[in-house]
């Protein structure tokens, strides 16, 4: 059973790579977001309990959807592949990052700012080309965990409920995670749940970065060990530090989230990112996803042979 889930997870990753986002109307994630937005309008209060109910409802809905997929397609490879395909968004991440670069290359700063919220939660209104570039590189690193490695690992461990349950948790955090005064208390539970769900995948991502860029492994280890703990996120800091070291960059700086400003510590010991570095970050993200998916295939084949 584990081998089937592992191979199914890798198959879902490959389907995303080849086909991109599923052409479903409405898209399941968009439909989920609409349901959660409606629930927020009913539940919102400036306290932790209301936010905890919101997070519990969202994660439960994801698990139920995963159980439904498993019930229709059966346990193991088919349902895991389908749910992973719905959950992984590596190609979408690459396309979103590339579209921002295209706008900057065309000297259309307004268009780049308009496209940026698809990648990051920070306020793009006052960002120049350098800050937009940094935001995109940081987003590619962080979302390699959230949109690629975490759904792959959760699918391999728990099948369709794991994949869709994680996607639900991550979407709840993206919607109400503590990025403004409104969500400081209400979003606390969702943010902590997402932190817990991504803790192992973030560290697997760092290991995979070192594995696919072996000549930078020492720098990756140093950045993850020394720089990442100063980041406010226990997971984004790990991924961003690993990417910064592998790409020879220095990330971090001042980020504005609505009415709140956060100063992020330096990650890595290189130079500030330039526009060409976005393509390198996208390529690194793809290599990390491929390495993790390939490892799952190997696990699945070994499991089948033992049986």
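A few notes on this one:
- Only a single criterion out of (1) surrounded by 16 or more Cβ atoms within 10 Å (Cβ to Cβ); (2) under 19 Å from residue 145 (Cβ atoms); (3) more than 18 Å from the chain's Cα centre (by Cα) is not satisfied by residue 265, namely (1).
- In this entry, residue 142 is excluded by the filter for residues that are touching a strand residue (DSSP E or B) at 6+ places or on another chain (Cβ under 6 Å) and either buried (at least 23 other Cβ atoms within 10 Å of the Cβ) or assigned to a helix (DSSP H, G or I) (or both).
- Look at (1) crowded, with 17+ Cβ neighbours inside 10 Å; (2) out of contact with any strand residue (DSSP E or B) (no Cβ under 8 Å at 6 or more places or on another chain); (3) at pLDDT 95 or above and you find that residue 225 fails only one, number (1).
- Contacts under 8 angstrom Cβ, first residue in the range 233-248 being on the phi > 0 side of the Ramachandran plot and modelled with pLDDT of 95 or more, partner surrounded by fewer than 24 Cβ atoms within 10 Å (Cβ to Cβ) and not in a helix (DSSP H, G or I), 6 or more apart: 248/270; 248/271
- 3 or more residues crowded, with 22+ Cβ neighbours inside 10 Å: qualifying helices (runs of 4 or more DSSP H) within the range 1-94: 2-19, 48-73, 77-87
- Residue match in the range 283-295 (condition: free of Cβ contacts under 8 Å to residues at least 40 places away in the same chain and in contact with a helix residue (DSSP H, G or I) (Cβ under 7 Å, 6 or more places away or on another chain)): no
Every residue, every condition in (1) over 16 Å from residue 142 (Cα atoms); (2) crowded, with 24+ Cβ neighbours inside 10 Å, yes or no:
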position: 164; (1), (2): yes, yes
position: 180; (1), (2): yes, no
position: 190; (1), (2): yes, yes
position: 198; (1), (2): no, yes
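- Candidates 182, 167: the one that is at pLDDT below 95, in a helix (DSSP H, G or I) and more than 27 Å from residue 225 (Cα to Cα) is 182.
- Qualifying residue in the range 150-159 (condition: more than 17 Å from the chain's Cα centre (by Cα), buried (at least 24 other Cβ atoms within 10 Å of the Cβ), in a helix (DSSP H, G or I) and in contact (Cβ under 8 Å) with a residue 40 or more places away in the chain): yes
- Restricting the first member to the range 12-39 and to residues that are at positive phi, and the second to residues that are part of a helix (DSSP H, G or I), the beta-carbon pairs closer than 8 Å and six or more apart or on different chains are 20/91; 20/92; 20/95.
- All positions within the range 97-119 that are in contact with a helix residue (DSSP H, G or I) (Cβ under 9 Å, 6 or more places away or on another chain) and in contact (Cβ under 8 Å) with a residue 24 or more places away in the chain: 97, 98, 100, 101, 104, 119
- Residue list for the range 268-286, filter: surrounded by fewer than 21 Cβ atoms within 10 Å (Cβ to Cβ), in contact with a strand residue (DSSP E or B) (Cβ under 7 Å, 6 or more places away or on another chain) and not in a loop (DSSP other than H, G, I, E, B): 271
- Subset of the range 57-94 [in contact (Cβ under 8 Å) with a residue 40 or more places away in the chain and over 30 Å from residue 300 (Cα atoms)]: 58
The values are calculated or read from the model by the stated rules, or taken from the named source; none is laboratory data. Source: prediction; values computed, not measured. In this analysis, Cβ positions are derived from the backbone assuming ideal geometry, glycine residues included, and neighbour counts consider all displayed protein chains.
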